Ligand code: FES
Ligand SMILES: [Fe+2]
């Protein structure tokens with residue numbers, strides 16, 4: 001798991017205006033409290049109270065602030081303690097009481113939280129998905145929790161060879177004698193890699209889809225996928241030159257082995273909402289085929305060393321994704337999960353927020369990270 005990327009905490013509709021209590025969300029193995037302030041802006045802070053570790057998300061929303069349920073310390077959306085009742089009304093509140101607060105961006109109906117300390121100018125962008133705001137497209141949102149390392153799931157999405165076998169609905173189960181995976185050409189961005197590839201496909205099952213796409217019989221689907229950061233994938237499936245599906249999967253590692261997936265699944269045809277249920281059922285059915293092969297993988301985590309697996313040319317995108325992950329580890333962004341697990345009963349760690357670059361003196365220690373090549377790993 002890596003700090004310094006945007007992670008989806010929840011759907012925007014999970015945070016209602018005027019709610020009495022924040023919601024508690026676990027991401028990267030740490031807990032957060034989220035709520036909407038009086039302007040409707042979403043705020044996200046570390047869930048652990050700096051006093052004696054009360055859980056803020058179990059407290060109340062008071063105006064723009066959250067109040068700890070234990071002794072009433074009250075924190076604003078910037079993480080500053082603005083009320084410390086036991087000291088009386090005129091006391092000066094020490095700066096060190098502040099807690100981490102994280103940048104939030106509400107987009108595509110999802111709540112993105114930047115979990116890291118990079119200043120705004122250096123942050124990776126949120127995956128662009130302009131289709132989501134395009135009236136010619138219709139999107140549905142799917143969510144699922146899988147008991148896997150989210151990286152296994154990302155690698156599955158950028159794996160062109162699994163369709164034929166994992167998804168009998170897309171491929172031919174390898175029975176066609178001329179089956180092979182065409183060579184893929186990777187195109188990198190600053191934050192990931194991807195490819196588009198022609199794929200021989202069986203006839204479309206659904207009559208409406210055949211009619212609207214204009215494709216009959218066996219056909220060629222242009223499909224591709226790619227990664228963005230460690231935790232986001234895009235998938236394009238063009239079943240004809242005019243009928244396209246675009247999907248985006250935002251993976252939030254709740255922990256190292258629990259992947260919460262928010263999928264935006266869109267189409268530029270059959271936009272009528274009456275088809276939503278069909279596409280939802282279809283999306284979940286296909287996802288289930290992936291989960292069936294992913295959850296039993298052993299080891300559950302992507303191996304530390306790629307030499308412990310035998311990669312072939314069809315795994316090119318996966319190899320490249322692992323190189324990106326190594327670069328982020330080298331920057332000191334990879335969480336030392338073993339240390340966090342070993343300490344879990346006695347230490348509440350905080351994902352460092354951008355304010356930690358400006359000021360010292362925080363009650364919670366920063367989450368430990370593996371020593372990066374850059375040497376800027378912390379405690
Ligand atoms: S633990 Fe939060 S106010 Fe005491
Ligand atoms: Fe798949």
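All of the numbers you see were taken from the coordinates with simple rules; none came from a lab. All of these numbers come straight from a predicted model, not from anything done at the bench. As a convention, Cβ positions derive from the backbone with ideal geometry for all residues, glycine included, and neighbour counts pool all protein chains shown.
The stretch between residue 189 and residue 90, if pulled fully straight at 0.36 nm per residue, gains 30.3 nm over its current Cα-Cα span.
Rounded to the nearest 0.05, what FRET efficiency do residue 196 and residue 167 give with R0 = 22 Å and r taken as the Cβ-Cβ distance? Could you check?
Working: r = 18 Å, r/R0 = 0.81.
E(calc), rounded to 0.05, equals 0.80.
Which residue, 134, 327, 159, tops the fluctuation ranking in a GNM of the chain built on C-alpha contacts under 10 Å? Per the Cα network of the chain with a 10 Å cutoff, 134 tops the list.
Available extension along the chain between residue 53 and residue 311 is 88.3 nm, counting 0.36 nm per residue and deducting the alpha carbon span. Taking 296, 89, 313 in turn, the Gaussian network model of the chain (Cα-Cα springs below 10 Å) assigns the largest fluctuation to 89. Counting only alpha carbon atoms, the long axis of helix 316-330 and the longest principal axis of the chain meet at about 10°.
Between the beta carbons of residue 298 and residue 276, assuming R0 = 45 Å, the FRET efficiency works out to 0.75 to the nearest 0.05. Between the helical axis of 276-294 and the longest alpha-carbon principal axis of the chain there is an angle of about 80 degrees.
GNM on the chain, alpha-carbon springs under 10 angstrom: the most fluctuating residue among 305, 156, 47 is 305. On the beta carbon distance between residue 16 and residue 346, with R0 = 45 Å, the FRET formula returns roughly 0.80.
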